[in-house]
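The next block holds one structure in the form of structure tokens; read it before the comments.
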Amino acid sequence: MSLGTNIARAGGKASYAGLDLLASGVILLDVGGHIVYANAAAENLLESSLKALSRQKLSALFSNPEELAHIIAQAREHKYSDLRQDLTLERVGKDPLQVHTIVAALDEDELVLIELRENVQQLKLDREERILDQSQVNKELIRNLAHEIKNPLGGLRGAAQLLEMELPPRHLAELREYTQVIIKEADRLQTLVDRLLAPHRRPHIVGDVNIHEVCERVRSLILAEFPAGLTIRRDYDASIPEFRGDKEQLIQTVLNIAHNAAQALSERIAQGDAELIFRTRIGRQVTLAKVRYNLALDLHIIDNGPGIPSQIRDRIFYPLVSGRDGGSGLGLTLAQTFVQQHMGVIECESRPGLTDFRILLPLP
């Protein structure tokens, strides 16, 4: 039974008081389509207070109110006990609302109740689409930029070597220091460019992959580098089947994420209470890049560190973005590229005390 039906049966305006306790947005409209009530969740969703919303026409809040107006009219005509529809409500100067809408008429007060629930699945699809689009732009940018950098780098290095050969013997030791700076910096930049191009050059070697073998390999590598103060807890679902993939790429993906996490845990490692968790589960009916899969690997890499700084949280998968001094900002970019080559996605949730990287890959 819907919320609208329950309220209609309860009747009386006193019954609206409890609506502020609901997580979904609830709006009541009068006969003229004006807002007479909006609960706290609706205020948050619409980014406006009840005082500002009161007596406004609901249709005035959106630039495409036609579909919503149509189902409201149907509800007033009592064609159905309630009407349900997924809508994208466009707003001027604000992000559109992806909502599941339930509309019901309340006979006693001649009001219409509208319940708005954020469509989490649609938001997830939109977010994945943005990530994929941004990743494609990044790939093209990286490829073009790397090739533009490589050519002059070779010239700079060669010129520095020739210059070093022409230095007068009496000043060789003194001036060689400067030519070596040029050569070493050129080599460092060459290494960076090679890392940028690595995912696009290396062939995709497909074989049978056991995700727990991948996790165990990474676990041993991390513990070898951080032997004290860090606990890596395993929470595996042994029923996860093998799947076809590039094992080395997946090891590199998990290693990049786990290594970043271990470095972020430096203070807790010093205190002796740092923790990483490798958790594997099976996801069912998962949509990845607009394709529905019956089964998916759901791998979480969780740490109890300080969290990702808020100013870079939305950009952590962009190349050369790092939250650590001295970081190259390539680890997560490469991880995202490798996972996308497996038709999967990486998601991240972070707050102080808990950062959760989630890798989703389709399973056979």
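Values quoted throughout were computed directly from the atomic coordinates according to the rules given, and no laboratory measurement underlies them. Keep in mind it's a predicted model, so treat the numbers as computed, not measured. Cβ coordinates were reconstructed from backbone atoms using ideal geometry, including for glycine residues, and neighbour counts include every protein chain displayed.
Modelled spin labels at Glu216 and Ala228, positioned 7 Å past Cα toward Cβ, are 2.8 nm from each other.
Reported to the nearest whole Å, the Cα centre-to-centre distance from the range 279-309 to the range 159-174 is 56.
Legend: distances between Cα atoms for Lys94/Lys290; Lys57/Lys94; Lys150/Lys247; Lys51/Lys94; pairs beyond 27 Å are Lys150/Lys247. Near Leu330, the amide H atoms lying under 5 Å from its own belong to Leu320; only residues 5 or more places off or on other chains count, and H is placed 1.01 Å from N. Convex hull volume of the Cα atoms of the range 207-362, normalised per residue: 108 Å³. Normalised by the number of residues in the range 207-362, the mean separation of alpha-carbon contacts (under 8 Å, six or more apart) gives a relative contact order of 23 percent.
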